[in-house]
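Right, one structure below, let's go through it.
The values are calculated or read from the model by the stated rules, or taken from the named source; none is laboratory data. What you see is a predicted model; the values in this text were computed from it and never measured. Virtual Cβ from ideal backbone geometry, glycine too; neighbours counted across all protein chains shown. Heavy atoms of the whole protein, side chains included, go into the accessibility calculation; ligands, DNA and RNA do not. Shrake-Rupley method; radii C 1.70, N 1.55, O 1.52, S 1.80 Å.
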Amino acid sequence: MSTSTYHSLLEETKQAQVQLLAVSKTKTPSQILELYELGQRDFGENYVQELVDKQKQLPPDIRWHFIGHLQSNKVKLIAPFVFMIQAMDSIKLLLETEKQAVRNGRTIPCLLQVHVAQEESKFGFPAAQFPQLLNDIIDLRVKGRLDHVLIAGVMGMASLTDDQEKIRREFDQLKQLFDQTKALLPGDPVQTLSMGMSSDYRLAIQAGSTMIRIGTALFGERNYTRG
Ligand SMILES: *Cc1c(COP(=O)(O)O)cnc(C)c1O
């Protein structure tokens, strides 16, 4: 990690008024601490056990964002401390998060992950099911079954492609779904549109992103020793 890379990225995000989430999956606590000492507080992790281990070792004022696919039976492990769950991709997961939030006496902000990319393997609600999802959420609210989960916005990923126009269209679609969420859930703090990674964050910012999730451009290439 180079200090000047961090500072130039930070400058860019300040200019654009977007938040910078440092994606620290597979990185060591000391690498995270290096960025922390430069002032970074928001970090994103993809794996529950890795996050739990790091959280224990690192300063308590770090805001941990869970950005990976989350299994319902693991919510309880991160519910006591997680700042935001960005990869909310089923009603079942929302309800489990509600349960664990109550158990921990807190409310947990979440982003609805929408699948707009062409890749089959990516998680998230299909865009076509999004209106139904918002209706279901409103319904659960009315019934008092979702009082401890805050819908803070939308998260998504564009396709891995060199086709800039395709990426742009996918980001535009996420922005539309974000605006729809804001309109339909006026009681929630719908303020975060989390989109844009190392390879496409500039396009994401142009399309209205409010938070970019950057790993490689900050820390260098990851060594995938795990899934
Ligand atoms: C790994 C990851 C990122 C960061 O990707 P880079 O290309 O390394 O910047 C962002 N978002 C999610 C959901 C990720 O899993």
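Within the set of pairs 6 or more residues apart or between chains, which connect a residue that is open to solvent by 70 Å² or more (accessible area, probe 1.4 Å) inside the range 170-197 to a residue that is assigned to a helix (DSSP H, G or I) with Cβ atoms less than 6 Å apart?
LEU184/LEU134
Conditions first: (1) closer than 15 Å to MET155 by Cα; (2) within 14 Å of the ligand (Cβ to nearest atom); (3) touching a residue at least 40 places away in the same chain (Cβ under 8 Å); (4) not basic (Lys, Arg). ASP89 passes all but one, so which condition is the exception?
Here ASP89 meets the rest and fails (3).
Which residue is nearest to the chain's Cα centre (by Cα), if the candidates are limited to the range 134-143 and must be open to solvent by less than 40 Å² (accessible area, probe 1.4 Å) and not β-branched (Val, Ile, Thr)? Steps first, please.
Filtering the range 134-143 down to residues open to solvent by less than 40 Å² (accessible area, probe 1.4 Å) leaves 134, 137, 140.
Next, only the ones that are not β-branched (Val, Ile, Thr) stay: 134, 140.
Numbers: LEU134: 18, LEU140: 23 Å.
Among those residues, the one meeting the criterion is LEU134.
Can we say ASN46 is touching a residue at least 12 places away in the same chain (Cβ under 8 Å), open to solvent by 10 Å² or more (accessible area, probe 1.4 Å) and within 22 Å of TYR201 (Cα to Cα)? Break it down into steps so the answer makes sense when it comes.
Working: touching a residue at least 12 places away in the same chain (Cβ under 8 Å): yes; open to solvent by 10 Å² or more (accessible area, probe 1.4 Å): yes; within 22 Å of TYR201 (Cα to Cα): yes.
Spelling it out, ASN46 is indeed touching a residue at least 12 places away in the same chain (Cβ under 8 Å), open to solvent by 10 Å² or more (accessible area, probe 1.4 Å) and within 22 Å of TYR201 (Cα to Cα).
Is there any pair linking a residue in the range 144-164 that is among the acidic types (Asp, Glu) to one that is more than 16 Å from the ligand (Cβ to nearest atom), with Cβ under 9 Å and at least six apart or on different chains, and which?
ASP147/GLU98; ASP147/ALA101; ASP147/VAL102; ASP147/THR107; ASP147/ARG141
For SER4, only one of the following conditions fails: (1) hydroxyl-bearing (Ser, Thr, Tyr); (2) in contact (Cβ under 8 Å) with a residue 24 or more places away in the chain; (3) surrounded by fewer than 17 Cβ atoms within 10 Å (Cβ to Cβ). What is its number?
Status for SER4: all satisfied but (2).
Evaluate the following for PRO131: is it modelled with pLDDT under 95, farther than 25 Å from GLY44 by Cα and either in a loop (DSSP other than H, G, I, E, B) or open to solvent by 80 Å² or more (accessible area, probe 1.4 Å) (or both)?
Working: modelled with pLDDT under 95: yes; farther than 25 Å from GLY44 by Cα: yes; either in a loop (DSSP other than H, G, I, E, B) or open to solvent by 80 Å² or more (accessible area, probe 1.4 Å) (or both): no.
In short, no.
Mind checking which residues of the range 113-122 are in contact (Cβ under 8 Å) with a residue 12 or more places away in the chain and exposed (fewer than 14 other Cβ atoms within 10 Å of the Cβ)? Don't jump to the end; show me each part of the working.
Just the residues of the range 113-122 that are in contact (Cβ under 8 Å) with a residue 12 or more places away in the chain, to begin with: 113-119, 122.
GLN118, GLU119, listed by residue number.
Give the residue, chosen from LYS74, LYS56, LYS27, that is farther than 21 Å from PHE171 by Cβ and within 15 Å of the ligand (Cβ to nearest atom). Before you say what the answer is, go through the steps one by one.
Numbers: LYS74 fails: within 15 Å of the ligand (Cβ to nearest atom); LYS56 fails: within 15 Å of the ligand (Cβ to nearest atom).
Just one listed residue meets the conditions, LYS27.
I'm trying to understand the selection: among the residues of the range 149-167, which are open to solvent by 50 Å² or more (accessible area, probe 1.4 Å) and within 16 Å of PRO186 (Cα to Cα)?
Matches in the range 149-167: LEU150 only.
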